[in-house]
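Notes for the one structure printed next.
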Amino acid sequence: MRARDRHLPDGYVVTAALARVGYDFPALTSGPPCSRRKIVPDPFSAPIAILDLDTWQPTVSKDETARYARNLESGGVLVLPRLGFGLTDDERRFLDVRWSDGKAKNISLDGDAIKGAQGSAGDLAKMTAMVARFATQASGLVAQLFPRYAPYLKRARTSYRPHPASGRNVSWRKDDARLHVDAFPSRPNHGERILRVFCNVNPNGEARVWRVGEGFEAMAQRLLPRVRRMLPAEAGMLHALHVTKSRRSEYDHLMLGLHDAAKADASYQTDSPQQEVRFLPGTTWICYSDQVMHAASSGQYMFEQTIHLPIEALYEPERSPLAVLERVTGRVLALRA
Ligand code: SIN
Ligand code: FE
């Protein structure tokens, strides 16, 4: 089913939010400059905001930054339908799964080393340059949109994902086609944020399709009662056994518990409030993936940049998952720096 578009006299297009319909974000390369799209999101789901920007180094006013930050930090998704990641003619051949080593889920760049890829030394060097260019542009975009973040922004892994988003034979816990917030078992983050920039580079017109679920607090209220308390010796033991790279905080424990509780519950997956969002090729989107309930339904060929931000970098720290979980549980869940 498609969203229904209503053309208004002033040139805006309002997409009516019907129950469980998808949004399309077409590349706005044609049409008069006034043909901006304004989407009215489903009031029960995360706010989807459209940014009409076509450069990785945009100039934005203080007011725009404030609006975008409010949306992002409230668990929204910022969608830039006119901002694509440009590949050179030579790089387009990398849009093929044969460059994956077949073992790792993604091709990734962590520091200077490319992982999960195969090819000649020359090809690997070119792939590294391509992924590194995405890393530079994606982090530059975030610093430009949110000047307050710039000094805190820690660039983490960059991934190029040549495989189809779903259909791989994985366990329910690893199945990202189920609604979840991101939480990583071996890498405790003590409340530090996970901001991600995505770009669909599919050459065949195929959208990346997500389901975006209910707000973080509503999800936490519903699923927290199913998450057991962390045992007194648990964090120390996991660290000593090298299951975790540092000591797991109670925050990390609860986030993993919420991740698992959502993915394990078939009726939560189908019946909780959600909307389908279709990111067309040439679209970039940004969200806090530790806060937005998301599931990747389909699509192929995407870049993704992970950025870590400490709580003190936020415009409104009280909206963070750590603050929300501390409010809901009435406990301190992670030690502040
Ligand atoms: C995820 O972050 O869960 C998957 C996103 C995607 O592959 O589109
Ligand atoms: Fe995820």
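The values are calculated or read from the model by the stated rules, or taken from the named source; none is laboratory data. Note that the structure is predicted; figures quoted are calculated from it, not measured. So basically every Cβ, Gly included, is an ideal-geometry build from the backbone, and we count neighbours across all protein chains shown.
Within the set ALA334, ALA296, ALA264, the sole residue that is of a type in the set (A, V, I, L, M) and over 30 Å from SER100 (Cα atoms) turns out to be ALA334.
Against the definition (buried (at least 18 other Cβ atoms within 10 Å of the Cβ), of a type in the set (A, V, I, L, M) and under 23 Å from GLU318 (Cα atoms)), how does LEU145 come out, yes or no? When the stated conditions are applied, LEU145 passes them. Based on this model, can you work out whether ILE39 counts as at pLDDT below 95 and buried (at least 19 other Cβ atoms within 10 Å of the Cβ)? So ILE39 fits the description; yes. What residue, among those in the stretch 79-126 that are among the hydroxyl-bearing types (Ser, Thr, Tyr) and outside any loop (DSSP other than H, G, I, E, B), is farthest from THR283 (Cα to Cα)? My answer is SER100. Cβ-Cβ distances below 8 Å connect the following pairs, each with a first residue in the stretch 279-308 that is under 19 Å from PRO203 (Cβ atoms), a second residue that is within 15 Å of ligand 2 (Cβ to nearest atom) and of a type in the set (Val, Ile, Thr), and a separation of six or more residues or different chains: PHE279/VAL209; THR284/VAL197; TRP285/VAL77; TRP285/VAL197; ALA296/VAL209; SER298/VAL209; GLY299/VAL209; GLU304/VAL197. Among the residues of the stretch 263-278, the one identified as in contact (Cβ under 8 Å) with a residue 60 or more places away in the chain, surrounded by fewer than 21 Cβ atoms within 10 Å (Cβ to Cβ) and more than 30 Å from GLY330 (Cβ to Cβ) is GLU276. In the condition set (1) buried (at least 20 other Cβ atoms within 10 Å of the Cβ); (2) out of contact with any Leu (no Cβ under 8 Å at 6 or more places or on another chain), LEU254 is compliant with all but (2). Just give me the residues in the stretch 305-320 being under 14 Å from ARG196 (Cβ atoms) and surrounded by 19 or more Cβ atoms within 10 Å (Cβ to Cβ), in sequence order. The answer is GLN305, THR306, ILE307, LEU309.
Every residue, every condition in (1) touching a strand residue (DSSP E or B) at 6+ places or on another chain (Cβ under 6 Å); (2) within 12 Å of ligand 1 (Cβ to nearest atom); (3) within 30 Å of ARG331 (Cβ to Cβ), yes or no:
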| residue | (1), (2), (3) |
| --- | --- |
| ALA183 | no, yes, yes |
| GLU192 | yes, no, yes |
| GLY205 | no, no, no |
| TRP210 | yes, yes, no |
| LEU224 | no, no, yes |
| GLY236 | no, no, yes |
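In the stretch 120-140 there is at least one residue that is touching a strand residue (DSSP E or B) at 6+ places or on another chain (Cβ under 7 Å), in contact (Cβ under 8 Å) with a residue 24 or more places away in the chain, within 27 Å of MET219 (Cβ to Cβ) and small (Gly, Ala, Ser). All of ASP260, ASP290 fail the test of being of a type in the set (Asp, Glu), crowded, with 22+ Cβ neighbours inside 10 Å, closer than 24 Å to VAL170 by Cβ and within 16 Å of ligand 1 (Cβ to nearest atom), apart from ASP290. Search the stretch 104-138 for residues being within 23 Å of the chain's Cα centre (by Cα) and of a type in the set (Lys, Arg), and hand back the single one that is farthest from ALA165 (Cα to Cα). The selected residue is ARG133. Checking each residue in the stretch 293-318 for being away from ligand 1 (no atom under 16 Å from the Cβ) and either hydrophobic (A, V, I, L, M, F, W, C) or closer than 18 Å to VAL212 by Cα (or both) picks out LEU309, ILE311, ALA313, LEU314. Going by what's in this entry, would THR59 be described as touching a residue at least 12 places away in the same chain (Cβ under 8 Å), hydroxyl-bearing (Ser, Thr, Tyr) and part of a loop (DSSP other than H, G, I, E, B)? Yes: the conditions hold for THR59. The residue pairs whose first member lies in the stretch 174-191 and is closer than 19 Å to GLN274 by Cβ, whose second member is surrounded by 19 or more Cβ atoms within 10 Å (Cβ to Cβ) and of a type in the set (Val, Ile, Thr), and whose beta carbons are closer than 6 Å, counting only pairs six or more residues apart or on different chains, are ASP182/ILE194. In the stretch 188-202, of all residues being closer than 19 Å to ARG161 by Cβ and out of contact with any Phe, Trp or Tyr (no Cβ under 7 Å at 6 or more places or on another chain), the one that is surrounded by the fewest Cβ atoms within 10 Å (Cβ to Cβ) corresponds to ARG196.
Of everything listed in (1) more than 16 Å from ligand 2 (Cβ to nearest atom); (2) in contact with a Cys (Cβ under 7 Å, 6 or more places away or on another chain); (3) not charged (D, E, K, R), the single unmet condition for VAL243 is (2). Residues of the stretch 133-150 that are closer than 18 Å to ASN71 by Cα and not hydrophobic (A, V, I, L, M, F, W, C): GLN144, PRO147, ARG148, TYR149.
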